[in-house]
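Here is the structure we will look at, set down as structure tokens.
Every number in this text was worked out from the coordinates using simple rules, so none of it is lab data. Because the structure is predicted, anything quoted here is derived from the model rather than measured. Heads up, the Cβs are rebuilt from the backbone with ideal geometry, glycines too, and the neighbour counts pull from every protein chain shown.
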Amino acid sequence: MDITKHNLALDQLEALVDGSSYRGVLQLLAEVASAKADHIRETWQDEALADAHDKIAIQLLNAGERVQRLAY
């Protein structure tokens with residue numbers, strides 16, 4: 001990722017955190033991971049890769065819970 005795209009991504013993430021919370025952003029990322037798992041299962045029938053994305057989703061949700069306890 002070049003520096004311009006990197007900085008744009010940082011600005012977008014900061015706006016998401018400002019508009020929601022760190023927990024909210026982590027929950028959104030968990031939804032993305034879960035959707036990717038579903039897509040992989042349906043399109044590629046790769047259960048191992050789909051399971052990896054589901055595990056990532058769970059970890060992101062757990063991290064969101066931990067962050068919530070720290071921040072408030």
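With under 14 Å from the mean Cα position of the chain (by Cα) and loosely packed, with under 13 Cβ neighbours inside 10 Å as the only criterion, which of ALA63, ALA35, ALA48, ALA30 stands out?
Working: ALA63 fails: loosely packed, with under 13 Cβ neighbours inside 10 Å; ALA48 fails: under 14 Å from the mean Cα position of the chain (by Cα); ALA30 fails: loosely packed, with under 13 Cβ neighbours inside 10 Å.
Selected residue: ALA35, the only one of ALA63, ALA35, ALA48, ALA30 that is under 14 Å from the mean Cα position of the chain (by Cα) and loosely packed, with under 13 Cβ neighbours inside 10 Å.
Checking TYR22 against (1) without any contact (Cβ under 8 Å) to a residue 12 or more places away in the chain; (2) surrounded by 12 or more Cβ atoms within 10 Å (Cβ to Cβ); (3) not polar (S, T, N, Q), which single condition isn't satisfied?
(1)
Looking at region 19-72, which of its residues are out of contact with any Gly (no Cβ under 9 Å at 6 or more places or on another chain), closer than 21 Å to ALA9 by Cβ and outside any helix (DSSP H, G or I)?
SER20 - this is the single residue of region 19-72 that is out of contact with any Gly (no Cβ under 9 Å at 6 or more places or on another chain), closer than 21 Å to ALA9 by Cβ and outside any helix (DSSP H, G or I).
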